[in-house]
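Below is one structure, written out as structure tokens; comments come after it.
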Amino acid sequence: MREYLEPTAIIDSDHPEVKDFALRAVRGAKDPVERAILLYLAVRDSIRYDPYSPFWLPEHYRASWVISRGRGFCVPKASLLCALGRVFAIPSRVGFATVRNHLATRQLLEFLGTDLFVYHGYVDFFLEGKWVKCTPAFNRELCQRHNVLPLEFDGRNDSVFQPYNSDKQRYMEYVEFTGAFADIPVSEIVSSWKKTYGEDFLEKSQKLLLERKKARVSDFENEEVWSG
């Protein structure tokens, strides 16, 4: 289990800001399961989901950087949650899956050209003798906009996206689970995204980030929800 307990340059569980975030999140709890639940909730709701975050450098996934930025997509949020688990000696790793999001926003669908999301990140915690999945990607406000109940986590059962939202519309479909890692495989992620979304995906993303910054557009939650 050593590789799932030690800090890395990206999952920097030894960083003072990461340790401080972890201590504030657990509120004095001592039980590993209770700690894992509180850490999960802290990342789910205090780090807002933003699919337009930068992704091409290792530092874009660094746990301490995610805290300072206050937003990120699923993989940076998973990186942070892994780091927080390791602060308390909970074996933690990042898992990946390919998912199809049937309720993605129009803008995101137009940008990606597909509703298929490769290298969707979640977290595996080793608790009470087994690995359990938890998915801190979508904050509560975003879930409410999509008419989806925020994902809860009890520390004993897998917490993965629901297949339908509260209106019985198709929501998230898991196509395949693609493995778990002790660290963030940045080069694999970038390579896979180029293969799926086009060789110019990096340049497109950098251009979009610059445009959004100039226009001062930063709230993904306000994008129009696709319902067709």
Filter result for residue 69 (farther than 25 Å from residue 192 by Cβ, among the basic types (Lys, Arg), within 16 Å of the chain's Cα centre (by Cα) and surrounded by fewer than 19 Cβ atoms within 10 Å (Cβ to Cβ)): no
Hey, residue 110 modelled with pLDDT of 95 or more and surrounded by fewer than 21 Cβ atoms within 10 Å (Cβ to Cβ) or not: no
Cross-chain or 6+ apart pairs with Cβ under 7 Å, the stretch 1-13 first and closer than 22 Å to residue 128 by Cα, then modelled with pLDDT of 95 or more and of a type in the set (Val, Ile, Thr): 13/87
Residue ID - surrounded by the fewest Cβ atoms within 10 Å (Cβ to Cβ), chosen from residues in the stretch 198-207 that are part of a helix (DSSP H, G or I) and touching a helix residue (DSSP H, G or I) at 6+ places or on another chain (Cβ under 9 Å): 204
Residue under evaluation residue 184, criteria (1) surrounded by 13 or more Cβ atoms within 10 Å (Cβ to Cβ); (2) more than 25 Å from residue 2 (Cβ to Cβ); (3) within 17 Å of the chain's Cα centre (by Cα), criterion not met: (2)
Qualifying residues in the stretch 47-66 (those that are small (Gly, Ala, Ser) and under 12 Å from the mean Cα position of the chain (by Cα)) - the one modelled with the highest pLDDT: 63
Any hit, the stretch 153-167, residues being under 17 Å from residue 51 (Cβ atoms) and modelled with pLDDT of 90 or more: yes
Set 33, 87: member being touching a strand residue (DSSP E or B) at 6+ places or on another chain (Cβ under 8 Å) and hydrophobic (A, V, I, L, M, F, W, C): 33
Checking residue 19 against (1) crowded, with 21+ Cβ neighbours inside 10 Å; (2) of a type in the set (Lys, Arg); (3) farther than 30 Å from residue 110 by Cβ, the condition it does not meet: (1)
Subset of the stretch 33-63 [buried (at least 19 other Cβ atoms within 10 Å of the Cβ), among the hydroxyl-bearing types (Ser, Thr, Tyr) and in a helix (DSSP H, G or I)]: 40, 61
Helices (runs of 4 or more DSSP H) contained in the stretch 104-197 and holding at least 1 residues of a type in the set (Phe, Trp, Tyr) and touching a helix residue (DSSP H, G or I) at 6+ places or on another chain (Cβ under 9 Å): 106-112, 186-197
Given (1) part of a loop (DSSP other than H, G, I, E, B); (2) in contact (Cβ under 8 Å) with a residue 40 or more places away in the chain, index of the condition residue 30 fails: (2)
Any hit, the stretch 116-132, residues being in contact with a strand residue (DSSP E or B) (Cβ under 6 Å, 6 or more places away or on another chain), more than 30 Å from residue 26 (Cα to Cα), touching a residue at least 24 places away in the same chain (Cβ under 8 Å) and surrounded by fewer than 18 Cβ atoms within 10 Å (Cβ to Cβ): yes
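The values are calculated or read from the model by the stated rules, or taken from the named source; none is laboratory data. Computed from a prediction, not measured in an experiment: that's the story for all the values here. Note that we place each Cβ from the backbone using ideal geometry, even for glycine, and neighbour counts take in every protein chain shown.
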